[in-house]
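Student: My questions all concern the structure below.
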Amino acid sequence: MSHSRTWCLAVLLIAGCGERVLPSLQSGAGPVTVLPGTPSVDLRADVDRDGVVDVMGTSDDEGEASWSAARGAVFLPNLDDDSARCRATDASGRPLADALLPSCNDAADEVVNGDDDWKDLARLELMRWPEAPAGTVVRVSLEPAEARVRLFKKTGDRVEVVNPELPLATADLVNGATLYLEGTDLVRDEATWDGFVDVSVRITVAESRYWKGGTYSDTVRLRCAPVLTFHHLLPVETAYATSVPREPDSAAFLRDVRAGLTLANPAITFVTPSLEDQWTQDFFETGYASMPGPGGAQHVMRVFFRSANIEAPQDGSFPMRSAGRIVFTRFRGKDVAGVQQVDLTSSEETQTLNSFGNFETVPPHVTPSRRWPLGRVIRGSVRGYEPDPSFVRMTEAQKYQEPSINVDTSWLLVGHVDETVSFIKASTPRGWIVLANDARLARQMLQDVEARGLGATRLFVGKRWLDDQNNEVNAETTVSAVLANPDVMQASAEAAVKVDEQLAIIKRETGITDAEIVKVPFLHEPVFGGSLAYQPGTVNLFVIDERTVAVPDPHGPVVDGKDLFKTQLEQALAPYQVRVQWVENWNLYHRAAGEVHCGTNAMRAIPSVKWWEVTP
């Protein structure tokens, strides 16, 4: 062996961890001393977010201990039920108490529940170090301790939970090990846990002539995927509306909503659960959590939030709104999670604010200080008149659609933000428009009819109200009678001012301009100290897709052969190529203080924007 070849061999033996390191080599030039090598510890995760863990190259090495919009690994809150094992009844067949319903999910046990469940876990690889000397101590830590996570180790067909209190076998370092991180909950309170977890591997190696002694480590930071809600620019994939037993008007409502769905896309699934609670918008909210999947796709878990409404029956068995149990009794399943968060001591006076008609998502927008490419929560909330604080903390902890836009709905009888504003996709600077109640315009339209000598034209033809004793009374009236009604005129004037205040906040928070606001006319009336839509509140509508909306039939005055209020809205939406499906909802919803949006709900398409590429 020549001198040069001997020197090169020495260099290779010093630098490479894959060969046995020799203490020295002899050559014609004399002995070459080889210093002890540095032990190898290398933990990897999907840091570059391509859906796989790179074990051949180094694409998942850089920046693995930090997290940003550019790089960082992700894991899901694993709250679905992939193996369909969760039940809503106990062993005796009795319904589970509200507090117990969420307790069953894929993260509630220490097993991986089938092939589909593996897909919901974040993979990590402890890279092999074949030269690890016997006696090397290998430990895994999860920090902070408050992180809601569990770590599995998979060896062949054997799966076990990693206990940070106990060391791994040295063989796991010698041969390498595959680990899987499971989120056992979503982030509920940032003060307790912010959603990040650092997974570290530490090895302790004894000093020897071959290896430097000491402790060596590698750390990967991962983030729990937030649960995000849908804005109305996203098309409906599944629609929901309650089929109310023994209620003939329910069938007519469902028929008209179905016609709108068919007009938009016949492939939309329409789910009509049979429930006594007709307020389908209010007792659950849809959302999703996602993580990077192979090929740049998003691996998605659909999520249903149960409303934080409290009913508190006298027997104390089910303190929460019973219809919300459907989140767990029917919706939870494969790739579908249910989430419940409630403060059972929250104020009785503000329970209406916990209904999801008071929880909407403003479409994507940009302000001078920040971008919200996934939209932003808007709710009715003012000091002293606020939703369940624990639920608010949970949604705020998701970060990417918060802080919310809070407007005053305390003046409304029901108090929901969907009573006064809605949002539709449009070719505008922001890509959407605001539909906003305008009682002034409604009054002016009726005044114009009266000025034409048509004050006797009738509204609400064939419709009936319910009086205080739940008896039906004639609702028909005339244009002149409405204009002469001091209660309606006063409530409408006050509503116009309050909606102006709401819009001022929305404009300030989103940059929306008056040119991007479409006026939706209807009057208000005072009811039990609050304000309520006197005419069917046509802004309280169901956005199906960018071209189709389902709107309550206004039953307005017919002038020149056309309903004045239908014509106004159709013409106002025509420049945006939006068509209207009119829905009969007078008996079922309007006279019960609600409208079409109150009676419908939707699971929408997952946005193409990936939340992990956004800076919150």
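The values are calculated or read from the model by the stated rules, or taken from the named source; none is laboratory data. Everything numeric here is computed off the predicted structure, so don't read it as measured data. Don't worry about glycine lacking a Cβ; one is built from the backbone with ideal geometry, like all the others, and counts go over all protein chains shown. These area figures cover heavy atoms from the full protein model, side chains too; ligands, DNA and RNA do not enter into them. Shrake-Rupley method; radii C 1.70, N 1.55, O 1.52, S 1.80 Å.
Student: Residue under question is R221, and the condition is that it be buried (at least 19 other Cβ atoms within 10 Å of the Cβ) and of a type in the set (D, E, K, R); does it hold?
Tutor: On the way: buried (at least 19 other Cβ atoms within 10 Å of the Cβ): yes; of a type in the set (D, E, K, R): yes.
When the stated conditions are applied, R221 passes them.
Student: Next question, about the same structure. What tally of residues in region 392-408 results from selecting those that are of a type in the set (G, A, S) and under 12 Å from the mean Cα position of the chain (by Cα)? Before you say what the answer is, go through the steps one by one.
Tutor: Let us first name the residues in region 392-408 that are of a type in the set (G, A, S), namely 397, 404.
Still in the running and under 12 Å from the mean Cα position of the chain (by Cα): 397.
The number of residues fulfilling the criteria is 1.
Student: Counting just the residues of region 75-89 that are assigned to a loop (DSSP other than H, G, I, E, B) and open to solvent by 50 Å² or more (accessible area, probe 1.4 Å), which one comes out farthest from W612 (Cα to Cα)? Let's see the steps before the verdict.
Tutor: At the first step, the residues of region 75-89 found to be assigned to a loop (DSSP other than H, G, I, E, B) are 76, 78-88.
From what is left, the residues that are open to solvent by 50 Å² or more (accessible area, probe 1.4 Å) are 83-85, 87.
Numbers: S83: 28, A84: 29, R85: 31, R87: 33 Å.
The extreme case among them is R87.
Student: Count, please, the residues in region 298-323 that happen to be at pLDDT 95 or above and among the small types (G, A, S).
Tutor: 4
Student: Quick test for you: out of P557, P536, P552, pick the one residue that is open to solvent by less than 10 Å² (accessible area, probe 1.4 Å), touching a Leu at 6+ places or on another chain (Cβ under 6 Å), in contact (Cβ under 8 Å) with a residue 24 or more places away in the chain and of a type outside the set (A, V, I, L, M, F, W, C).
Tutor: Values: P536 fails: touching a Leu at 6+ places or on another chain (Cβ under 6 Å); P552 fails: touching a Leu at 6+ places or on another chain (Cβ under 6 Å).
From the options P557, P536, P552, the qualifying one is P557.
Student: Check V583 against each of (1) closer than 20 Å to L523 by Cβ; (2) open to solvent by 30 Å² or more (accessible area, probe 1.4 Å) and name the one condition it does not meet.
Tutor: (2)
Student: All but one of (1) in contact (Cβ under 8 Å) with a residue 40 or more places away in the chain; (2) assigned to a helix (DSSP H, G or I) hold for E595; which doesn't?
Tutor: The one condition E595 does not meet is (2).
Student: I've got another one for you. Can you list the strands (runs of 3 or more DSSP E) found entirely within region 137-178 that contain at least 3 residues being farther than 17 Å from R202 by Cβ and open to solvent by less than 50 Å² (accessible area, probe 1.4 Å)? Quick ask: steps written out before the conclusion?
Tutor: Numbers: elements: 137-143, 149-155, 158-161.
In region 137-178, 149-155 are the strands (runs of 3 or more DSSP E) which contain 3 or more residues that are farther than 17 Å from R202 by Cβ and open to solvent by less than 50 Å² (accessible area, probe 1.4 Å).
Student: For V199, work out the one condition from (1) among the β-branched types (V, I, T); (2) open to solvent by 10 Å² or more (accessible area, probe 1.4 Å); (3) closer than 20 Å to A107 by Cβ it doesn't fulfil.
Tutor: Result: V199 passes all but (2).
Student: State all residues of region 366-413 that are among the hydroxyl-bearing types (S, T, Y), part of a loop (DSSP other than H, G, I, E, B) and at pLDDT 95 or above; if no residue qualifies, say none.
Tutor: First, the residues of region 366-413 that are among the hydroxyl-bearing types (S, T, Y): 367, 369, 381, 385, 390, 395, 400, 404, 409-410.
Subset that is part of a loop (DSSP other than H, G, I, E, B): 367, 369, 381, 400, 404, 409-410.
If the condition is that a residue be among the hydroxyl-bearing types (S, T, Y), part of a loop (DSSP other than H, G, I, E, B) and at pLDDT 95 or above, then S381, Y400, S404, T409, S410 are the ones that fit.
Okay, residues lined up against (1) part of a helix (DSSP H, G or I); (2) at pLDDT below 95; (3) of a type in the set (A, V, I, L, M); (4) open to solvent by less than 10 Å² (accessible area, probe 1.4 Å):
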{"site": "R325", "(1), (2), (3), (4)": "yes, no, no, no"}
{"site": "R330", "(1), (2), (3), (4)": "yes, no, no, no"}
{"site": "T345", "(1), (2), (3), (4)": "no, yes, no, no"}
{"site": "E348", "(1), (2), (3), (4)": "no, yes, no, no"}
{"site": "L353", "(1), (2), (3), (4)": "yes, no, yes, yes"}
{"site": "E360", "(1), (2), (3), (4)": "no, no, no, no"}
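Student: Criterion first (crowded, with 16+ Cβ neighbours inside 10 Å and of a type outside the set (V, I, T)) does A99 satisfy it?
Tutor: So A99 does not fit the description; no.
Student: When only residues in region 243-267 that are touching a residue at least 12 places away in the same chain (Cβ under 8 Å) and either among the charged types (D, E, K, R) or not in a helix (DSSP H, G or I) (or both) count, which is farthest from C598 (Cα to Cα)?
Tutor: Ranking the candidates gives N265 first.
Student: Could you please find all residues in region 202-218 being closer than 15 Å to A134 by Cα and surrounded by 15 or more Cβ atoms within 10 Å (Cβ to Cβ)?
Tutor: Correct list: I203, T204, V205, Y210, W211.
Student: Is it true that some residue in region 448-463 is part of a helix (DSSP H, G or I), surrounded by fewer than 14 Cβ atoms within 10 Å (Cβ to Cβ) and at negative phi?
Tutor: yes
Student: Under the condition of being closer than 29 Å to G114 by Cβ and among the small types (G, A, S), which residue from region 129-174 is nearest to the chain's Cα centre (by Cα)?
Tutor: Top of the filtered list is A147.
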